[in-house]
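For reference, the structure discussed in these notes is given below.
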Amino acid sequence: MNDLIPEFDFARVFIAPWADGAQTFIWIALMGFFVAAACGLVGNYLILRRMALVGDAISHSVLPGIAIAFLLANSRSTPVMFLGALVAGILTTVIIEVIHKKSRVKQDAAIGIAFSTLFAIGVILISLYADKVDLDAECVLYGEIAFVPLAPHVQMFGLPLGPEPVVRMGFVAALTLLLIILFYKELLVSSFDPGLAASLGINAGVMHYALMSMLSVVVVSAFESVGAILVIAMLILPGATASLLSQRLPVVLLLSGVHGALSSLLGIHLSIWLECSMAAAMVVMGAALFVLAWVFSPGAGLLATWLSRRSKPVRLEAAPQPAYGR
Amino acid sequence: MHDTAPALELHDLTVAYHKKPVLWGIDLEVPQGKLIGIVGPNGAGKSTLIKAVMGLLPISSGWVKVFGQPLKKSLQRIGYVPQRESVDWDFPVSVMDVVLMGRYGRLGLIKRPTKEDREVARACLEKVHMLPYANRQISNLSGGQQQRVFLARALAQESDLYFMDEPFSGVDAATESAIITLLHELRERGKTMLVVHHDLPTAREYFDMLILLNMRLVAFGPTSEVFTNELLQTTYGGRLTILSDVAEAVKEQRILR
């Protein structure tokens with residue numbers, strides 16, 4: 001057997017974790033699912049609004065927000081972190097818009113400027129006050145989901161709930177879902193047709209900043225325990241994969257949740273097999289699911305396109321427009 | 001109480017992009033129940049005018065009244081048909097979803113479209129002969145069909161004053177005549193429509209009144225009065241020689257008919 005890849009042992013990779021370590025792995029799987037679901041839900045709207053890169057930006061620029069919040073409040077409590085991230089997230093959005101609107105610099109370049117600067121400020125702050133800040137840039141970037149079950153467990157009304165990060169993430173995922181259900185039509189119309197939304201009296205700016213705030217909260221609650229790699233990937237992968245499989249928004253939202261659950265579970269098993277980072281394994285499995293959807297999607301997949309092209313040689317995407325009342 | 005108020009009243013409306021005025025001191029009083037064309041050369045500020053009036057663009061000076069009321073109080077009485085190219089037609093929604101958006105203004109926050117809203121949406125789709133497409137994904141539509149979906153959505157808004165941004169651009173002849181029939185029907189029901197249009201020869205046929213625009217208001221009045229060589233010359237500047245040829249050709253065509 002090749003030495004480079006650990007031997008694949010079905011029992012060790014698939015059975016053992018659930019037989020011996022169910023207590024541990026259930027929390028990792030749940031955490032992965034909550035992160036992917038919350039990120040995926042918000043991410044769908046980022047993709048639809050052509051703002052995928054803004055998600056990337058905000059997930060980096062919350063770092064100084066967390067650091068400053070910590071320095072000011074001298075506390076690592078959840079509300080303080082959320083507040084810091086929220087302010088940093090909104091500030092990033094504002095900076096991007098100001099650079100984009102008030103200079104000749106285009107939006108993608110503005111995004112690059114805003115988040116790299118804020119991230120660098122965060123790194124400086126942390127190294128400057130390293131003795132006072134119980135934060136580690138390394139940990140924020142490569143936080144490890146495998147340690148999640150070790151976090152202190154929390155209780156509610158005397159009932160044991162689970163490790164604190166998992167409970168918090170579950171709450172944030174549920175909140176994201178609730179807000180998307182409540183404001184479904186406002187989000188839909190302002191994403192699809194901002195002009196109509198404005199003429200209906202729906203404030204596009206408010207929707208934009210509300211979405212960015214939600215994104216900041218999702219990012220910061222996921223960040224510390226799972227790292228930036230998983231967060232950034234899960235903002236885009238679930239939505240992108242689901243959009244290949246369906247063209248109905250509610251179905252797309254649901255499918256991105258399924259994608260999150262599958263990448264989380266498959267990622268755990270991949271990382272047990274390869275003895276590698278769990279977050280990275282989850283991302284790789286998420287990407288593998290994307291490739292599967294890309295190839296095999298019944299409507300938009302490479303295979304379906306290839307097959308239909310073979311049967312109907314002149315089927316082109318830009319066919320002449322059909323006549324009225326066809 | 002306000003039933004006799006002008007559908008739209010603008011006073012000294014000025015709009016600027018980056019301190020450069022695009023529209024300058026527009027005064028306008030649009031009566032109710034008319035089908036009005038907004039014509040002028042490219043860059044004359046036709047789209048800017050309707051966007052500014054609806055509050056989608058900031059106004060540098062002047063004011064807007066809709067049915068004698070400030071804009072904010074009359075949002076429900078305004079319907080909008082944006083340019084077809086302004087949205088992403090690959091968006092994961094169906095024809096029905098798009099038409100239902102026309103109902104959102106009446107629903108208010110959080111509330112979902114009801115069965116009645118769906119009935120209204122279906123009726124509006126029927127009016128533009130698009131009901132069989134109700135469950136289609138919008139990316140599978142032709143340009144003319146997309147435009148008719150937008151019109152159905154505007155109908156679903158059940159407004160009294162409509163702003164339409166180039167509804168005739170890039171549609172097939174059949175859709176064009178379907179749209180015109182619809183606009184006439186709306187006019188008979190007392191609705192007022194302001195339509196951005198860039199084709200002069202048809203403008204003369206289609207509209208009761210014309211707004212001739214080139215950054216300033218050149219003229220506003222019944223088509224028969226303002227569709228004159230002199231006023232068009234002022235609106236279009238030197239390029240009119242070609243245009244007057246076209247207009248002449250149309251005139252001849254009419255005689256032949």
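Does region B:71-164 classify as rounded, prolate or oblate by the C-alpha gyration tensor (a ≥ b ≥ c root eigenvalues; a/c under 1.5 gives rounded; else a/b over b/c gives prolate, otherwise oblate)? Prolate is the answer for region B:71-164, as a/c is 1.5 or above and a/b outweighs b/c.
One equal scatterer on each Cα of region A:201-295, no solvent, Debye formula: the resulting log10 I(q)/I(0) at q = 0.12, 0.21 Å⁻¹ is -0.44, -1.06.
Classify chain A as rounded, prolate or oblate from the Cα gyration tensor: take a ≥ b ≥ c as the square roots of its eigenvalues, call it rounded if a/c is under 1.5, otherwise prolate when a/b beats b/c and oblate if not. Verdict is oblate for chain A. For residue A:154, the amide hydrogen comes within under 5 Å of the amide hydrogens of A:161, A:162, A:164, counting only partners 5 or more places away or on other chains and with H modelled in the peptide plane. Amide H to amide H distances under 5 Å link residue B:207 with no residue, where only residues 5 or more positions off or on other chains count and H is placed in the peptide plane. Averaging the sequence gap over all C-alpha pairs within less than 8 Å and six or more residues apart, then dividing by the number of residues, gives region B:8-256 a relative contact order of 27 percent. For residue B:233 and residue A:179, a Förster radius of 45 Å and the Cβ-Cβ distance give a FRET efficiency of 0.20, rounded to the nearest 0.05.
With both partners inside the protein assembly as shown, how many of the DSSP beta bridges are antiparallel, as a percent to the nearest 5?
Numbers: 25 of 42 bridges.
Once the DSSP bridges in the protein assembly as shown are tallied, antiparallel ones form about 60 percent.
The equivalent ellipsoid that matches the C-alpha gyration tensor of the protein assembly as shown spans semi-axes of 53, 28, 21 angstrom, in descending order. Charged neighbours of residue B:224, selected by a Cβ distance under 10 Å, balance to -1 (K, R count +1; D, E count -1).
Averaging the sequence gap over all C-alpha pairs within less than 8 Å and six or more residues apart, then dividing by the number of residues, gives region A:1-127 a relative contact order of 25 percent.
What do you get for the angle between helix B:173-188 and the principal long axis of chain B? Use alpha-carbon atoms, 0 to 90 degrees, nearest ten. In chain B, helix B:173-188 runs at an angle near 90 degrees to the longest axis.
Where only DSSP H runs of four or more residues are counted, the protein assembly as shown gives -19000 deg cm²/dmol as its mean residue ellipticity at 222 nm, each run worth -39500 (n - 2.57).
Taking every DSSP beta bridge that has both ends in region B:8-256, the antiparallel portion is near 55%. 3J(HN,Hα) couplings calculated from phi for region B:190-197 with the Karplus curve 6.51 cos²θ - 1.76 cosθ + 1.60 (θ = phi - 60°) are, in sequence order, x, 7, 10, 10, 10, 10, 6, 9 Hz; Gly and Pro show x.
Extension gain for residue A:14 to residue A:171 (0.36 nm times residue separation, less C-alpha to C-alpha distance): 53.7 nm.
Accessible surface computed residue by residue for chain B, with neighbouring protein chains in place and a 1.4 Å probe, gives 45 Å² per residue. The simple spin-label model puts a point 7 Å past each Cα toward its Cβ; for residue A:164 and residue B:76 those points are separated by 5.0 nm. The modelled label-to-label distance for the pair residue A:5/residue B:110, using points 7 Å beyond Cα in the direction of Cβ, is 5.3 nm. Normalised radius of gyration (Cα atoms, divided by 2.2 N^0.38 Å) for chain B: 1.02.
Only lysines eight or more places from residue B:115 in sequence, or on another chain, were considered; those with a Cα closer than 24 Å are A:185, B:127.
For the pair residue B:184 and residue A:210, what calculated FRET efficiency results from E = 1/(1 + (r/R0)^6), where r is the Cβ-Cβ distance and R0 = 25 Å, to the nearest 0.05? All intermediate terms of the calculation are to be shown ahead of the outcome.
On the way: r = 42 Å, r/R0 = 1.68.
The calculated FRET efficiency here is 0.05.
In this rough spin-label picture, where each label sits 7 Å from Cα along the Cβ direction, the residue B:135-residue A:105 distance is 5.0 nm. Counting only whole DSSP H helices of chain A, the ones at least 18 Å long by C-alpha along their axis and with mean Kyte-Doolittle hydropathy no lower than -1.0 are A:22-48, A:52-73, A:78-102, A:107-128, A:164-182, A:204-245, A:249-274, A:278-296. Within the same chain, lysines fewer than 8 places from residue A:106 are excluded, and of the rest, those with a Cα less than 29 Å from its Cα are B:19, B:20, B:46, B:51.
The values are calculated or read from the model by the stated rules, or taken from the named source; none is laboratory data. The shown structure was predicted, so the numbers you read here are calculated from the model rather than taken from an experiment. No Cβ is skipped: glycine too gets one built from the backbone with ideal geometry, and neighbour counts run over all protein chains shown. The protein model used for the area step is the full one, side chains on, heavy atoms only, and it has no ligands, DNA or RNA in it. Shrake-Rupley method; radii C 1.70, N 1.55, O 1.52, S 1.80 Å.
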